[in-house]
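Here is the structure we will look at, set down as structure tokens.
Read-outs: derived from the displayed coordinates by stated rules, not from any lab. Given the structure is predicted, the values throughout are model-derived calculations rather than measurements. Glycine gets a Cβ as well: all are built from the backbone with ideal geometry, and neighbour counts include every protein chain shown.
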2 protein chains.
Amino acid sequence: MSDLKVGLAGLGTVGAAVIRMLERRAGDLFARTGRGIKVVAVAARDRTKDRGVDLSGVRWYEDPVELARDPDIDVFVELMGGSDDPAKAAVIAALECGRPVVTANKALLAKWGADLARIAEASGASLHFEAAVAGGIPIVKTLRESLAGNVVERVSGILNGTCNYMLTRMADEKISFQDCLAEAQRLGYAEADPTFDIDGFDTAHKLAILTSLAFGTQVDADAIYVEGIRQLTLEDLEAADDLGYKVKLLGVALRTETGIEQRVHPTMVPKHWPIAQVSGVTNAVAVDADAVSLTLVGPGAGGDATASAVVGDLADVARGVAGFVFGMPVATLMKPERAPMQRHEGGYYIRLSVVNKPGTAATIARRMADEGISLESIVQRRPEGQQGEAAQGTARVILITYATSEEAVRRAIAAIEADGVVNALPQVIRIEKD
Amino acid sequence: MSDLKVGLAGLGTVGAAVIRMLERRAGDLFARTGRGIKVVAVAARDRTKDRGVDLSGVRWYEDPVELARDPDIDVFVELMGGSDDPAKAAVIAALECGRPVVTANKALLAKWGADLARIAEASGASLHFEAAVAGGIPIVKTLRESLAGNVVERVSGILNGTCNYMLTRMADEKISFQDCLAEAQRLGYAEADPTFDIDGFDTAHKLAILTSLAFGTQVDADAIYVEGIRQLTLEDLEAADDLGYKVKLLGVALRTETGIEQRVHPTMVPKHWPIAQVSGVTNAVAVDADAVSLTLVGPGAGGDATASAVVGDLADVARGVAGFVFGMPVATLMKPERAPMQRHEGGYYIRLSVVNKPGTAATIARRMADEGISLESIVQRRPEGQQGEAAQGTARVILITYATSEEAVRRAIAAIEADGVVNALPQVIRIEKD
């Protein structure tokens, strides 16, 4: 069969890794797919930059949209990133020509997934995006193909390597959030502006895509409740450890009676869960379905891992594997009922900084009881390092609740604050259980 | 599009679970594949048995080979088990007609994989077997499709739930092997004749299939070194725990300089590895490749988990996904160079029961040194519970070696035995590291 001619837009770390992998694995990929997979055209801004790959004989485009429309490519690979143009325009241009697209662009899919799926379906093009979620972990294929017989109840994952790297170091080496962030930036694990990662937005993009695949719903990124890791303290991580939990930034999508609940926040997970053991920049996704429960662990980012997913998708394209973008026709994807965060039910860890005077614990316990919240434990303690007069003025109260609702917790905390017994912002961490 | 008409041979737990799942998920599967997936014919011995599924209007065959040849089925599902006829004859019959086959039969594939692949290729039929290895874990698809861009270096896995259940309980609850086996049999986790599971043969079958997929080699089950868990004692599990390891029955396939090494044996794995945390009947597979390292954890057996894999394969068949049986054409699959167990290199745990007299440790250390084996540690201790005279006669010596060869270890132990300082069979457990 004739070669699969690839047009590739974006020659950063991942683009170069894809080109090298296609060269290195040419013989094997030919055996697996029956076709050569050849990059014949690229689009990138700087033509003179040395990317360590041989691009002689490859057509150059300044404009990725022009590349996407090149009638002499069989598949368009988009590795530019960004939720809007030029990535969006280029992907749409390729799909409108009926040309298969492979992309690693989570932001684009989270924002425009349903629209892109509609365009792909109309023209009969396929859209592949294994690299967009959890890098080298084959979670898209698993949800889209392998679990077709299952009703998924919950998807949860460590989807951002930067956050997991920081939480691991904070917990293991007792380093503060700020010191850890500075270190992560120095080592290249965090961006100069880390907002996108540490405030949970990157995780939210990936979760939006997983939710659609898992529940057969339209991508609904706006419905996601997002909270990052900025406010976590060493004290919280240590308290979690004492209680038998690890703290992870999780993206969680859950089927509830009122609809699909999507949330990104620091989460206390039992230490014995496979996902609790995942450390450093590694990612993990757990799927709980009616027939199987799976956990997939692997690299979430990096040139080679992302290239692995892109090349896997290209091999599918070469073998003629298509299928619906989100597993089923767009018309079949349900508009998800949103289960708002107020309706969330679960256990809570609540850390209060309180005025150290008689009756404080009683006040807190009463406010909890007023909202019908049962306490698994309530521990009052003096914060470490605090001594003398200050210790007399302030204490920590750590509460662990049995399953209750977000609304009840928020009301109880507001009441406690109104009582004037707390003297700093409360810390709330949700607990995830089986 | 017209329905995908399924002929299903074998109506045990898995067969019934497949029929129920196809009914329960009919609407969703239609959306995903564009076709109804309907069981139209079955083969099973006992027509009168109540299997809790509605089989009215379904054609019955006594002979699965006849069912496989029925021109009015589109796909043949083999859930009978067994490495030979009738399963083998039926699968061949279907493939020879050019009919796709879905099977959960690991023994069949381990023994006849290359032959079946050849027949499938000749007739253009596809052969799907996600359920044959690690039940509900999509490792076949991951190796065959997702990791196409990777050079795999090692595949290792907990592939037998019975063994992992027993090792977990032995370690956690300090129950002896014999008591644990009796308990597992009582609970239905172990067969009345447990040989196939606990002596490692089931793991070996699955490993043979994984090796072929991972390394692009012909299935070579005869090359596997197999050792089960029968000889493990509580003392070994406790010593491993003290040293920072868990003991798991692993199947390991490794690319070495001399060829592909395939082995099944109790293995000490570092506690921080994801695979070390996998407890109970759960399975796990770790793949180390040049671009990614993945660990997949999930249910390895059971009706629903196995049905999930079978139905995932059926959805692929319905969508027209084919592909080579072991990822590439049979002619391309290499005849693997076997790296025999004598050539294995790694660390070793060696427990010796020795005569408690001066010079014993020196004798042992000298024999190790004679073979060029470096010791990470050597600990002599009195076995627990032993007191008085007996304690004076016997002691335990536990050695941990740095990486060395199997040959050297065997020679050293033979020499120590010849020296007359040991008074029981030595215990040897291989250590797996990064």
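Quick notes
- Placing a label point 7 Å from Cα along the Cα-to-Cβ direction at A:Thr256 gives distances to the equivalent points in the other copies of 5.5 nm, listed shortest first.
- Computed over chain A with a Gaussian network model linking Cα atoms closer than 10 Å, the most mobile of A:Val42, A:Val292, A:Val133 is A:Val292.
- Efficiency of FRET from Cβ geometry, A:Ser83 and A:Gln178, R₀ 41 Å, rounded to 0.05: 0.90
- Three-way shape call for the stretch B:31-145 based on the alpha-carbon gyration tensor, with the a/c threshold at 1.5: rounded
- Among B:Gly12, B:Gly81, B:Gly200: highest mean-square fluctuation, GNM of chain B, C-alpha pairs under 10 Å: B:Gly12
- Inter-copy label distances at A:Ala365 (7 Å, Cα→Cβ; nm, one decimal): 6.1
- Prolate/oblate/rounded call for the protein assembly as shown, Cα gyration tensor, a/c under 1.5 rounded: rounded
- Our note on the geometry: Cα centres of the stretch B:1-60 and the stretch A:213-259, 39 Å apart.
- Each of A:Thr13 and B:Asp3 was given a label point 7 Å from its Cα along the Cα-to-Cβ line. The distance between the two points is 5.2 nm.
- Between A:Asp50 and B:Lys335, the C-beta separation translates, for a Förster distance of 60 Å, into a calculated FRET efficiency of about 0.90.
- The shape of chain B comes out prolate: with a ≥ b ≥ c from the C-alpha gyration tensor, a/c is at least 1.5 and a/b beats b/c.
- With neighbour counts taken as other beta-carbon atoms within 10 Å, the residues A:Cys163, A:Cys97 rank, fewest first, as A:Cys97, A:Cys163.
- Sites B:Arg230 and A:Thr233 - FRET efficiency at Förster radius 41 Å, r taken between beta-carbons, to 0.05: 0.20
- Each label was represented as a point 7 Å from its Cα along the Cα-to-Cβ direction; for A:Asp419 and A:Arg381 these points are 2.2 nm apart.
- 32 Å Cα-Cα threshold exceeded, pairs from B:Lys111/B:Lys174; A:Lys271/B:Lys433; A:Lys5/A:Lys49; B:Lys111/B:Lys248: B:Lys111/B:Lys174
- Label point 7 Å beyond Cα along the C-beta direction, distances from B:Ala418 to other copies (nm, shortest first): 8.8
- Residue with peak Gaussian network fluctuation, chain B [Cα springs, cutoff 10 Å], from B:Arg367, B:Arg99, B:Arg154: B:Arg367
- Those residues of the stretch A:2-16 whose amide nitrogen sits under 15 Å from the label point placed on A:Ser123, 7 Å along Cα→Cβ: A:7-9
- Note that the stretch A:344-431, at 20 °C in a medium of 1.002 mPa s, gets a Stokes-Einstein diffusion coefficient of 165 µm²/s from its Kirkwood radius over C-alpha pairs.
- Loop trypsin sites (Lys or Arg not before Pro), the stretch A:226-294 (other Cβ atoms within 10 Å of the site Cβ: 15 or fewer; DSSP): A:Arg230, A:Lys271
- Neighbour counting of Cβ atoms within 10 Å sorts the residues B:Tyr165, B:Tyr349, A:Tyr402, fewest neighbours leading, into A:Tyr402, B:Tyr165, B:Tyr349.
- Spin-label pair B:Arg411/B:Val151, simplified geometry with 7 Å Cα→Cβ offset, distance in nm: 3.1
- Over chain B, dividing the summed -39,500 (n - 2.57) contributions of all DSSP H runs of at least 4 residues by the number of residues returns a 222 nm mean residue ellipticity of -10500 deg cm²/dmol.
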